[in-house]
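The values are calculated or read from the model by the stated rules, or taken from the named source; none is laboratory data. Treat the numbers as computed from the prediction; the structure is a model and nothing was measured. Methodologically, a virtual Cβ is constructed for each residue, glycine included, from the backbone with ideal geometry; neighbour enumeration extends over all protein chains shown.
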Amino acid sequence: MKEQTWQRINLKRLIIILVMSVTAITIASLTIGRDIYHGSAGEGLLSFAIVNFAGYLFFLFMPVELAFIYYVSEGANLLMLNSIAIGTAIVSQTIDYLIGYTFSEGIINRLIGRKRYIKAETKIRRYGNVVILLFNILPLSSPVISLSAGMLKYRIKDALFFTITGLFFKYLILTLIFSS
């Protein structure tokens, strides 16, 4: 009986991963893929904005840093590209935070229990700012951190400040490295 339950859960996970992968590939193909094919990446940044926005949602994993590097190498306006990258990432991660904030209490209590939640919350509160900052500077899954911060009811001011700071430094570093 338990084995059948796990098989159903694994099948559901596989289906969800497959759907999300197809969605990410479709978005990338219809936007950046089209720009690459037509050679128009430096001209319009709508495709980049769509991919960057979607890539910073916690349930879609997309190589947003690679897309940014591609557009830099194609001669896109750097100020506009950085503004779009940071702006869309902030909006997406705010959505991630709000999803975590809204749907968290029942999920946390069922999955990990109240005692573990309090222990984890203490550690997140102690090291959370550093974690949020580092995950946004490095090419790590910062949207998942935003979702987690929302689930733990982390102060939104702190989450946004360290998210914005990390994104600013990430895209500044990428711009400096790849624009020369």
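Data table
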item: Tally, over the range 106-165, of residues that are more than 19 Å from Tyr56 (Cα to Cα) and at pLDDT below 80; result: 21
item: Contacts under 7 angstrom Cβ, first residue in the range 131-158 being assigned to a helix (DSSP H, G or I), partner surrounded by 14 or more Cβ atoms within 10 Å (Cβ to Cβ) and charged (D, E, K, R), 6 or more apart; result: Asn136/Lys170; Ile137/Lys170; Pro143/Asp96; Ser146/Asp96; Leu147/Asp96; Gly150/Asp96
